[in-house]
Amino acid sequence: MKKYRCKICGFIYDDATQDVKFEELPDDWKCPLCGAPKAMFEEIVEDNLPKEEEEVSALEKEELRELSNYEISYICSNLAKGCEKQYLAEEQNLFLELADYFATKETTKEGSLEMVQKQFQEDAKLMNQAMDVATKCNDSGAKRVLTWAGKTSMMIEGILSSYQKEGIDYLKNTKIWVCDICGFVYIGEEPPKVCPVCKVPSFKILEVA
């Protein structure tokens, strides 16, 4: 019997204890804990083979490149969020202005959903690089935040994938919730009692108007 783990919250689906095997579940099935789509599950494989080859740092592989206007806008938005947490209102407003400025200069011909999905792929590379550095520096705080960011990005990517398949019907008669701490996104009538990513209580998970 096989087991599958949710990449977002860690929920384990064990074929041995369920009435239906995971592979036979419908494509629109969602994680009962965090609401992640079926595609966000991975099979648990026992790997007892030691890694003999030393992994090359992701930073050594990635070449420097110029950031797009969208990427700069995305970074400024995150910096504004950080300033908000530190009660730096003036700095927050400046970063928001920069984010809006670069967002209006984005001239990509790709559709908005395709553009966001492409950005997620780029973000994943950057987060892998940052995690590599944090691991070498033994920075547990940075590793925790990067883990949150990775899970949140995967969740949003899964939601976008479902939206592409089902269209606007995917969001009809339901609500969108976002964790104010880690950015976890949840689709449903009520938010989970505890954020499956950063473990804060539900009052920190806010409804998006």
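The values are calculated or read from the model by the stated rules, or taken from the named source; none is laboratory data. Keep in mind that what you see is a predicted model, and the values were worked out from it rather than measured. Positions of Cβ are generated from backbone atoms using ideal geometry, with glycine treated the same way; all protein chains shown enter the neighbour counts.
Does LYS151 meet the test of being within 23 Å of MET127 (Cβ to Cβ), surrounded by fewer than 19 Cβ atoms within 10 Å (Cβ to Cβ) and of a type in the set (Lys, Arg)?
It is false that LYS151 is within 23 Å of MET127 (Cβ to Cβ), surrounded by fewer than 19 Cβ atoms within 10 Å (Cβ to Cβ) and of a type in the set (Lys, Arg).
Out of the residues in the range 151-209 that are of a type in the set (Asp, Glu) and touching a helix residue (DSSP H, G or I) at 6+ places or on another chain (Cβ under 7 Å), state the one that is modelled with the lowest pLDDT.
Among residues in the range 151-209 that are of a type in the set (Asp, Glu) and touching a helix residue (DSSP H, G or I) at 6+ places or on another chain (Cβ under 7 Å), the one modelled with the lowest pLDDT is GLU157.
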